[in-house]
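Chemist: Would you mind keeping the following structure in view while I ask a few things?
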Amino acid sequence: MDAVRISGLTHRFGDGETAKPVLHGLDLSVAAGEVVLLTGPSGSGKTTLLTLIGGLRAVQEGSCVVLGTELAGADEATRVAVRRRVGFIFQHHNLLGFLTARQNVAMALEVDARLSEAKRLARADAMLDAVGIGDKARAYPATLSGGQRQRVAIARSLAHEPGLILADEPTAALDARTGHETMELLQRLAKEQHRTVFIVTHDPRIHDIADRIVAMEDGHIIEGAHA
Amino acid sequence: MALGGVQGRGPRVFLPFRLAWRQLRHEKSRLAAAISGVVFACLLIFMQLGFMTALFESAVQVQKSLHADLFLMHSTTEALWRSTPFPRARLAQALAVPEVERVAPIYVQNVVWRNPKTSLKRTLLLFGVDPTSGVVGFPGLTADGLAAITKPDVILFDARAKPEFGAVSSWLAEGPVVSELGNRRVEVAGLFEIGATFGSEGNALTSEANFWRFVPNHTPAQVNVGAIMLRAGADATAAQAALRHILPDDVMVLTKPELIAFEKTYWANTAPVGFIFGLGVVIGLIVGCVIVYQILFSDISRHIGEYATLKAMGYTNGYLVRVVMGEALILAVLGYVPGWILGLGLYELASARIFIPLTMTVEKSIGVFALIFGMCVVSGLLAIRKLKDANPADMF
Ligand SMILES: Nc1ncnc2c1ncn2[C@@H]1O[C@H](COP(=O)(O)OP(=O)(O)OP(=O)(O)O)[C@@H](O)[C@H]1O
Ligand SMILES: [Mg+2]
């Protein structure tokens, strides 16, 4: 089954006369377990596409099925439900500054509190071990390096066993080597746990981690729409 | 089964509250500032309410220490200190009601007292009663004192009168105090404790015979308050109804709680006391509200990215509302506890230093907590509008 299936997806910013089309009838599918990179020049609509897939924006036209849920015409509750099954990695780690690393990771599990507190923390610690900073579990983000913070963010995005991981320029705030290391880590964990990963990036140095590279230009997909 | 609760409603409230607490405690100095704001509001409200209730209580000190079942006053009387006298015959008529055992008149008049040291003249409220009637139970009265006022030109003095009357109680410890009351030589033979009220700066007590000497234009036939003692086991409301039936309309018949309420109502309506202190309470609430709102609003603004991230992770707006309301309620509790303790301290201080007995009652404690709680809820409700600015799509 495809983790993402998009057809005829069109998106505009603004209304009426001043509406600015950003995505033009996109077709794209991402198979479960695939690691896909999305590249393209600035302003080509990559982030817009990512936020639509993640249920962070309402779909205007076309179809966008994520993890089996159609997002076209979906209400806020449906989009919230989809978000809970997605793991996000942001350009700037976006960790909660007032929580320790393990508490940040546990936040991914608190959203629908099925697990007990002890299990949440145990899972968080295991995830931090998996990203190689188990010793920093009780550190606050302010005391971590950029690479360490992004590792915590990766642990957080994986902790709730999401069906899909969405990342937007996750290496932008990191130096080349750290960026590559963290992306390799993400790819390895995704493969081990059979997670689907969709990464928007400008960074050609991480192309080697992808199963497939999709290229966008001016709101059109020009390469790699289908495996 | 406890786990069932945890998995049901529990986490919906507990987890956002815990997040709120973690966010608050992360920045200790901001937390301290927020708490001091609530403490300040708390203290302001406690002091305003304290003084207000103290003044109202002091206004009815005299009424509270009168021992009788029913009271007669002239129907045009508005307050004790300016009571219209009624004919003494009404008391005799009251005796016709079978429940009535005995009656006692109380005479009240403002009289000028001369401070023997400074020669300053000030008006006090003089009470004339039969000392053997047992009607007047002013705090601090002694049997010796009551016996002494049967002698001519002898009074008992209010130890807690304003200091302008003179340090009568300490002079009395050294020897007899002699001065002038109503342009007549007077000797103070003892003390009692009432203190200044709205209507008088000090009080004095004497026998009926002495009262007429000090207030020559007040005839014995004109009574200010009639005290009625009922037979043991008599029904006060029935007796009250019977008295109302047989007595003409120029007097009203009140039970003791009614007498107290009557006087309080007069002061609540006449003096702008209720309004002034009420205003103080409102100002305290507004100040507290603004402080808590500021803290919450700037907290949301500064954490807007974190809130948006939580929304992207699938947290609902309602969850974040609970986080902010959690912060508001935590501030209410954390501010109230030291506010209550400091309030108690200030009450003790006020009672010891300025002789205004401020008392911390359960009702006052609960009432102020409810106000502070409401204040924080309002602040939180105002602040949560800011959460709308947390848009998860902007996080990329
Ligand atoms: N909220 C918005 N309101 C109006 N226009 C927007 C908004 N977000 C993006 N756009 C416009 O949509 C177009 C696509 O933006 P988008 O952010 O998707 O590009 P991108 O491919 O992610 O670019 P970059 O590589 O620089 O991040 C741009 O022209 C941008 O100006
Ligand atoms: Mg972008």
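Chemist: Summarise the accessible area of segment A:116-205 (1.4 Å probe, protein heavy atoms) by the percent that is carbon and sulfur.
Modeler: Carbon and sulfur: 48 percent of the exposed surface of segment A:116-205.
Chemist: Moving to a separate point now. Rg/Rh for segment A:101-227 to two decimals, with Rh computed the Kirkwood way over all alpha-carbon pairs. Let's see the in-between values first.
Modeler: Details: Rg = 15.6 Å, Rh = 15.5 Å.
Ratio value, two decimals: 1.00.
Chemist: Over 31 Å between C-alpha atoms is what I'm after, so list which of A:Lys136/A:Lys191; B:Lys162/B:Lys264; A:Lys20/A:Lys191; A:Lys46/B:Lys386 land there.
Modeler: Values: A:Lys136/A:Lys191 24 Å; B:Lys162/B:Lys264 21 Å; A:Lys20/A:Lys191 38 Å; A:Lys46/B:Lys386 29 Å.
As for pairs spanning more than 31 Å Cα to Cα, those are A:Lys20/A:Lys191.
Chemist: Between A:Gly87, A:Ile221, A:Gly25, whose Cα lies farthest towards the positive end of the dipole of segment A:2-223 when Lys and Arg beta carbons carry +1 and Asp and Glu beta carbons carry -1, centred on the Cα centre?
Modeler: Among A:Gly87, A:Ile221, A:Gly25, the one farthest towards the positive end of the dipole of segment A:2-223 is A:Gly87.
Chemist: If you don't mind, there's one more thing I want to ask. Suppose we keep just the DSSP beta bridges with both residues in the protein assembly as shown; what percent of those would be antiparallel, to 5? Working shown, then result.
Modeler: Working: 53 of 81 bridges.
Once the DSSP bridges in the protein assembly as shown are tallied, antiparallel ones form about 65 percent.
Chemist: Based on the inverse mean of 1/r over its pairs of different Cα atoms, what is the Kirkwood hydrodynamic radius of chain A, in Å? Working shown, then result.
Modeler: Numbers: mean 1/r = 0.0559 Å⁻¹.
Result for chain A, one decimal place: 17.9 Å.
Chemist: Let me ask another. Roll a 1.4 angstrom probe over the protein heavy atoms and tell me the percent of accessible area of segment B:76-248 that is carbon or sulfur. The partial results should precede the final answer.
Modeler: Numbers: 3990 of 7530 Å².
Using a 1.4 Å probe with all protein chains present, segment B:76-248 comes out at 53 percent carbon and sulfur.
Chemist: Got a sec? Which residues in segment B:376-394 would a label at B:Ser298 touch, if it sits 7 Å along Cα→Cβ and we count backbone N under 16 Å?
Modeler: B:383
Chemist: What helices in chain B pass both tests, a Cα length along the helix axis of 27 Å or more and a mean Kyte hydropathy of -0.5 or higher, using whole DSSP H runs?
Modeler: Details: long enough: B:28-59 (46 Å, 1.42); B:273-302 (43 Å, 1.94); B:317-353 (52 Å, 1.09); B:362-383 (31 Å, 1.85).
Going by DSSP H runs, the hits are B:28-59, B:273-302, B:317-353, B:362-383.
Chemist: Could you please state, rounded to a whole Å, how far the C-alpha centre of segment B:355-379 is from the C-alpha centre of segment B:123-151?
Modeler: Answer, in whole Å: 39.
Chemist: In the Gaussian network model of chain B, springs joining C-alpha atoms below 10 Å, which of B:Leu49, B:Leu24, B:Leu125 carries the largest mean-square fluctuation?
Modeler: Of B:Leu49, B:Leu24, B:Leu125, the most mobile in the Gaussian network model is B:Leu24.
Chemist: Could you tell me which trypsin sites (Lys or Arg not before Pro) in segment A:103-206 are loop residues by DSSP with no more than 12 other beta carbons within 10 angstrom of their beta carbon? Please list the in-between numbers first.
Modeler: Numbers: sites: A:Arg114, A:Lys119, A:Arg120, A:Arg123, A:Lys136, A:Arg138, A:Arg149, A:Arg151, A:Arg156, A:Arg177, A:Arg188, A:Lys191, A:Arg195, A:Arg205; in loops: A:Arg114, A:Arg138, A:Arg195.
Those that pass, being in a loop and sparsely packed, are A:Arg114, A:Arg138.
Chemist: Just how large is the dipole of segment A:188-227 about the Cα centre, in debye to the nearest 20, putting +1 at every Lys and Arg Cβ and -1 at every Asp and Glu Cβ?
Modeler: For this selection, approximately 280 debye.
Chemist: Still on this structure, I have one more. If you place +1 on the Cβ of every Lys and Arg, -1 on the Cβ of every Asp and Glu, and leave all else neutral, what size is the dipole of chain A about its Cα centre, to the nearest 20 Debye? Could the numbers behind the result be given before it?
Modeler: Numbers: 25 positive and 28 negative charges, 162 e Å.
Roughly 780 debye for chain A.
Chemist: As I understand it, the value is the acute angle between the Cα axis of helix A:146-159 and the longest principal axis of the Cα atoms of chain A; what does it come to in degrees, rounded to 10?
Modeler: Value to nearest ten degrees: 80.
Chemist: Also, I was wondering about something else. Given the alpha-carbon gyration tensor of chain B, what are the semi-axes of its equivalent ellipsoid in whole angstrom, ordered largest first, with each equal to the square root of 5 times an eigenvalue?
Modeler: 60, 25, 16
Chemist: Can you work out the accessible area per residue across the protein assembly as shown, with the rest of the protein chains kept in place, probe 1.4 Å, in square angstrom?
Modeler: Numbers: 26540 Å² over 623 residues.
That works out to 43 Å² per residue.
Chemist: How many nm separate the modelled label positions at B:Ser365 and B:Thr76, each set 7 Å beyond the Cα in the direction of the Cβ?
Modeler: Distance between label points: 4.9 nm.
Chemist: What would the Debye formula give as log10 I(q)/I(0) at q = 0.06, 0.10, 0.12 Å⁻¹ for the alpha-carbon point model of the protein assembly as shown, no solvent?
Modeler: Cα-only, vacuum Debye calculation for the protein assembly as shown: -0.56, -0.89, -1.15.
Chemist: Follow-up question, since we're still on this one. For n ≥ 4 DSSP H runs only, could you compute -39500 (n - 2.57) per run for chain B, divide by its residues and tell me the 222 nm figure to the nearest 500? It would help to have the intermediate numbers written out before the result.
Modeler: Details: 14 runs with 209 residues, N = 396.
It comes out at -17500 deg cm²/dmol, rounded to the nearest 500.
Chemist: Residue farthest toward the positive end of the dipole of the protein assembly as shown, with Cβ of Lys/Arg at +1 and Asp/Glu at -1: which of B:Met360, B:Pro131, A:Leu99?
Modeler: B:Pro131
Chemist: Calculate the mean, over all residues of peptide A:92-99, of how many other protein chain Cβ atoms lie within 10 angstrom of the residue's Cβ.
Modeler: Values: counts 3, 1, 9, 2, 10, 7, 10, 5.
Shielding by partners across A:92-99 averages 6.
Chemist: Run the paramagnetic zone check for B:Arg213: 7 angstrom along Cα to Cβ, then residues of segment B:96-115 with backbone nitrogen under 19 Å.
Modeler: B:107-115
The values are calculated or read from the model by the stated rules, or taken from the named source; none is laboratory data. This one's a predicted model, so the numbers in the text were calculated from it and none came from an experiment. Note that each Cβ is placed from the backbone with ideal geometry, even for glycine, and that neighbours are counted across all protein chains shown. To get the accessible areas, we keep the full protein, side chains included, count just its heavy atoms, and leave off ligands, DNA and RNA. Shrake-Rupley method; radii C 1.70, N 1.55, O 1.52, S 1.80 Å.
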